[in-house]
1. Count, please, the residues in the stretch 99-132 that happen to be in contact (Cβ under 8 Å) with a residue 60 or more places away in the chain and farther than 17 Å from residue 53 by Cβ.
2. Sort out which residues of the stretch 46-77 are surrounded by fewer than 12 Cβ atoms within 10 Å (Cβ to Cβ) and at positive phi, and write them in order of number.
3. Determine which member of the set 175, 121, 154, 104 is farther than 25 Å from residue 72 by Cα and either modelled with pLDDT of 95 or more or not in a loop (DSSP other than H, G, I, E, B) (or both).
4. Which members of the stretch 64-88 meet the condition of being part of a strand (DSSP E or B) and under 16 Å from residue 35 (Cβ atoms)?
5. Residue 129 fails exactly one of the following numbered conditions: (1) surrounded by 16 or more Cβ atoms within 10 Å (Cβ to Cβ); (2) in contact with a strand residue (DSSP E or B) (Cβ under 6 Å, 6 or more places away or on another chain); (3) in a loop (DSSP other than H, G, I, E, B). What is the number of that condition?
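The values are calculated or read from the model by the stated rules, or taken from the named source; none is laboratory data. This one's a predicted model, so the numbers in the text were calculated from it and none came from an experiment. Note: ideal-geometry Cβ built from the backbone for every residue, glycine included; neighbour counts use all protein chains shown.
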């Protein structure tokens with residue numbers, strides 16, 4: 001059975017998209033899927049030097065979400081995929097971006113210019129290519145846990161923006 005047939009049979013169609021970046025990107029191989037266990041697959045691809053990779057998933061091919069995965073460069077890349085839904089799709093976004101020459105730089109970069117790192121955005125459900133990826137306003141100003149601290153503050157303090165934190169308060173004690 002070919003990989004193409006396995007992909008269709010497992011309902012894991014793949015689209016490989018090239019993100020804006022430098023012109024004439026190097027050719028990119030397709031992602032391969034290998035069944036691991038019931039409802040679980042390994043998604044593998046051969047990376048190309050200088051490319052940054054973002055992994056996306058969808059249950060309907062209309063609404064796409066970034067998985068908390070960013071990878072970079074040449075070599076073999078592999079990630080596990082699991083779904084209990086009857087339909088599950090993944091796609092790989094890749095591009096070459098000025099000044100990005102390592103995985104660390106790709107994760108810490110801010111491709112949409114909103115003040116939030118790419119890894120922060122994909123970890124907490126935002127689009128690293130749109131400064132306003134929800135209808136609620138700019139990603140960096142959102143406060144999803146309603147603790148009074150926006151995402152930009154939560155990121156700078158290395159806090160989870162989905163968990164209500166007690167902001168540190170500086171108290172000045174004086175004797176009378």
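1. Total meeting the criteria: 2.
2. 61, 75
3. When all the criteria are applied, what remains is 154.
4. Pass one, the stretch 64-88, residues part of a strand (DSSP E or B): 65-72, 75-82.
The answer is 78, 79, 80, 81, 82.
5. Failing condition for residue 129: (2).
Residues are listed down the side, and each one gets a yes or a no for (1) without any contact (Cβ under 8 Å) to a residue 12 or more places away in the chain; (2) assigned to a loop (DSSP other than H, G, I, E, B):
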{"position": "27", "(1), (2)": "no, yes"}
{"position": "33", "(1), (2)": "no, no"}
{"position": "44", "(1), (2)": "no, no"}
{"position": "50", "(1), (2)": "no, yes"}
{"position": "56", "(1), (2)": "no, no"}
{"position": "62", "(1), (2)": "yes, yes"}
